[in-house]
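Heads up, the thing below is written out as structure tokens.
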Amino acid sequence: MPERKIAVIVNRAARKGGAAKHWPALQAELLARLGPFAPRFTEAPGHATELARAAVAEGARRIVAVGGDGTVNETLNGLLDASGRLIAPDAVLCPVPAGTANELCRALGHLEHPARALEAAAGTGSRPVDLLRVRCVDLAGRPVDRFGYLIVSLGAAATISHRTSRSRWLKKLGEVAYLLMTPVVTLGYRHRDVAIAIDGGAPQTRRLFTAMVANTENGGGGMKLMPGARFDDGVLDLIEMGDVSRLGVLFGVMPKLYSGAHIGHPKVRVSQGTSFRFESEVETLVDLDGETVGCLPLEVTVLPRAFLVGAP
């Protein structure tokens, strides 16, 4: 049997440097399962994409990404061409949780059973995952075309993620960081009118606090944001939090985010589709897989079962 070619990409800066402390132990675990390897360390935002692309060009087909969802997303984008197809059809992404948020790992069951991420990296199995394609504009007004796997958020949820990521100390607290930032943003955030079009239909303008297009049911550090969403069914789930008062968000919605019961709130709307468009006259941030990618206007489409993740 020919030797498998594996690349290990590591973001030691994940979790505001916390990943660096855990890397020696993770490295020992990976060495025990993979045998000798030369880790490829990221040095700046976006570097994981370059490292992943180079690894595939060198013949690697099992790409291990050690970090949080931001690192995993960057690595994934390095495996794809401009249309969202895998550069190498047999390339497999293997996330190993080491960041503030590790929601793909959570969806795969790796957080509940920590050894599974390492076993999946060392194994030969894989499973398909739907891909999110996001088109918006960055904060300087330039076009953005990115791919993801988790959740696209706009409005307050994207602002919460943005402000959490910019905090020097908050991200060191791990998943609870997003929960702590939520009331801070909520108390100062202004609702806005957003025109929403689903599957090419006529746009409808609604007043929103936030909205999320979900490929998985979990996000935001373990919150059950969109109960029932599946990452391999070729369909995306849209959840809108409408004209809810600030106190309504804090006391009527937030306490239910971890159970998923918030979707029963009268100001929460849920729908499904394969493509979505959002526009607003007010600057509204957009977040993809826990990273700020720009602002509206925004288009989100699904590419069914477009990439592979490792399975034990």
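Nothing in this text is a laboratory measurement; each read-out follows from the coordinates by a stated rule. Please read these numbers as outputs of a predicted model, since none were measured by experiment. Ideal geometry is used to build each Cβ from the backbone, glycine not excepted, and the neighbour counts take in all protein chains shown.
Can you list residues whose amide H is under 5 Å from V92's amide H, if they're 5+ apart or on another chain and H is modeled 1.01 Å from N?
Under 5 Å from the amide H of V92: R62, I63.
Counting only pairs 8 or more places apart or on different chains, how many lysine pairs in the chain have C-alpha atoms closer than 18 Å?
7
What FRET efficiency, computed as 1/(1 + (r/R0)^6) with R0 = 51 Å and r the Cβ-Cβ distance, is obtained for L250 and K5, rounded to the nearest 0.05?
Working from the Cβ atoms, E equals 0.50.
Compute the long axis of helix 176-186 from its Cα atoms, compare it with the longest principal axis of the Cα atoms of the chain, and write down the angle in degrees, 0 to 90, nearest 10.
On a 0 to 90 degree scale, this one is about 20.
Hey, what number do you get for the chain at 222 nm if only DSSP H runs of n ≥ 4 count, each worth -39500 (n - 2.57), divided across all residues, to the nearest 500?
It lands at -7000 deg cm²/dmol.
Rg and Dmax of the range 132-305, Cα atoms, in Å?
Over the range 132-305's Cα set, Rg and Dmax evaluate to 14.8, 44 Å.
Below 8 Å, C-alpha to C-alpha, sequence gap of six or more: please give me the relative contact order for the chain in percent.
Computed over the chain, the figure is 22 percent.
Taking a virtual spin label 7 Å from the Cα of H22 along the C-beta vector, which residues in the range 86-117 bring their backbone nitrogen under 14 Å of it?
Taking a point 7 Å out along Cα→Cβ of H22, the residues of the range 86-117 whose backbone N falls under 14 Å are 95-106, 110-117.
Once label points are set 7 Å from the Cα along Cα→Cβ at both L34 and R305, what is their separation, rounded to one decimal in nm?
2.8
Give me log10 I(q)/I(0) at q = 0.10, 0.13, 0.17, 0.21 Å⁻¹ for the range 6-123, Debye formula, one equal scatterer per alpha-carbon, no solvent.
Values, matching the q order: -0.25, -0.43, -0.76, -1.19.
When N counts the residues of the chain, how does its alpha-carbon radius of gyration compare numerically with 2.2 N^0.38 Å, as a ratio?
So the Cα radius of gyration is 0.97 times the expected 2.2 N^0.38 Å.
Using only the alpha carbons of the range 73-160, determine the length spanned along each of the three principal axes and report them from longest to shortest in whole angstroms.
The principal-axis extents, from largest down, are 43, 32, 18 Å.
Taking the mean number of other Cβ atoms within 10 Å as a proxy for protection, how do you rank 47-59, 5-17 from highest to lowest?
So the peptides 47-59, 5-17, ranked by packing, come out 5-17, 47-59.
Please grab the % of Cα pairs in the range 1-54 that end up more than 14 Å from each other.
Across the range 1-54, Cα pairs with separations above 14 Å total 58 percent.
Label-point separation (nm) for V282 and Q204, each offset 7 Å from Cα along Cα-to-Cβ?
Result: 2.1 nm between the two label points.
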